[in-house]
Each structure stands twice: as C-alpha cells, then as structure tokens.
Amino acid sequence: MKQKSSILRLILVVGTILLIAGIFRLSNQPAAHSNELSKTVATYSLPYVEKWTGYDIGLAQWNHTLRKLAHFSLYFLLASILMVLCRVNRCSWRKALFISLSVSVAYAIIDETHQLFVDGRGASIRDVAIDSAGAMLGITVVYLVGRRWL
C-alpha cells in the first residue's frame, strides 16, 4: 500500500510540474503565435460548438471565449492536482485548500507578470481572476468528490 502512495505522489508531482511548464510555454509564445494557435483550434471547433448550441457565434467571439476557457481549465486542473497531492500527503482539508489556492493564484500572478516580457503580450488582472475562479472551482470539486476517498 505504501508503494502505491509513493507512486501516486510521484505522478501528482510530475503532473504538477508538467502542467506548470505547459502554462509557462503557452505564455511564452509571442502574441502573434499564440493567437494563431488559438484561432486554429477555434476554427476547427466552431462548427461543432455552433451545432451543439444552435447559435451563430462568430470566429472572433469563439476564439476569445476559447482563450478564457483555456485559462479557467488549466488552473482548474492545477488546483485540483494540488488538492489531491496535499490530501495524499495527509494535509487537512483546510490546509490543502490554503496551499492549493495560494499556489494557483500566485502562479497566475507570476504567469501574467511573465507575459509583460513576451513580445506583444501583456498582463491582465481579468486573466488572474479567471485563473483564480478556475482554481476555486477545482478545489471545490475535489472537496465534494474526494471527501469519501481522500
């Protein structure tokens, strides 16, 4: 059983590091490249979204929404992984919440500050708020789902 815990911890730590590195890599792209990447994803996904919702959304609006969903989702995942990692390491729920939220929000601020130094990019308090909302929802989901198992 102890070996399973060690393997789970390792997977969670590696997953956290890879996610943080992935967020950094996406944020390190110049604005033109970042927009090109998101427009490509938006172009391919737009017909499915319009069919599913029944609305004409428009590429520019969907691209913007998709970019914000990416912020929310990445930090949802980051905080979720951190919550599970804290609980596997026997932190109380309160301590796990504090650590997960603090690390997620701090990294969101660091990430947005980092973008000030990337060609064509800038920092956005709105993006930090979106990231933080994603983190809070991730923490809430882990708490609600994990109360029995973690």
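No lab work stands behind these numbers, since they all come straight from the coordinates. Keep in mind that what you see is a predicted model, and the values were worked out from it rather than measured. Neighbour counts run over all protein chains shown; Cβ positions are idealised from the backbone, glycine included.
Starting from residues that are in contact with a Phe, Trp or Tyr (Cβ under 9 Å, 6 or more places away or on another chain) and small (Gly, Ala, Ser), keep the ones in region 37-85 and report whichever is surrounded by the most Cβ atoms within 10 Å (Cβ to Cβ).
ALA42
If I filter region 28-56 down to residues being within 17 Å of GLN115 (Cβ to Cβ) and in a loop (DSSP other than H, G, I, E, B), which single residue comes out as farthest from the chain's Cα centre (by Cα)?
Ranking the candidates gives PRO30 first.
Please tell me if SER6 is over 13 Å from the mean Cα position of the chain (by Cα) and closer than 30 Å to ARG148 by Cβ. Before you say what the answer is, go through the steps one by one.
Details: over 13 Å from the mean Cα position of the chain (by Cα): yes; closer than 30 Å to ARG148 by Cβ: yes.
Judged against the criteria, SER6 is a match.
Just to be sure, is ARG25 in a helix (DSSP H, G or I), surrounded by fewer than 17 Cβ atoms within 10 Å (Cβ to Cβ), in contact (Cβ under 8 Å) with a residue 60 or more places away in the chain and under 20 Å from the mean Cα position of the chain (by Cα)? Outline the logic, then answer.
Working: in a helix (DSSP H, G or I): yes; surrounded by fewer than 17 Cβ atoms within 10 Å (Cβ to Cβ): yes; in contact (Cβ under 8 Å) with a residue 60 or more places away in the chain: no; under 20 Å from the mean Cα position of the chain (by Cα): yes.
In short, no.
List the residue pairs whose Cβ atoms are under 6 Å apart, where the first residue sits in region 42-65 and is under 26 Å from ALA31 (Cα atoms), the second is surrounded by 10 or more Cβ atoms within 10 Å (Cβ to Cβ) and of a type in the set (S, T, N, Q), and the two are 6 or more positions apart or on different chains.
Listed pairs, sorted by first residue: ALA42/ASN63; ASN63/SER38.
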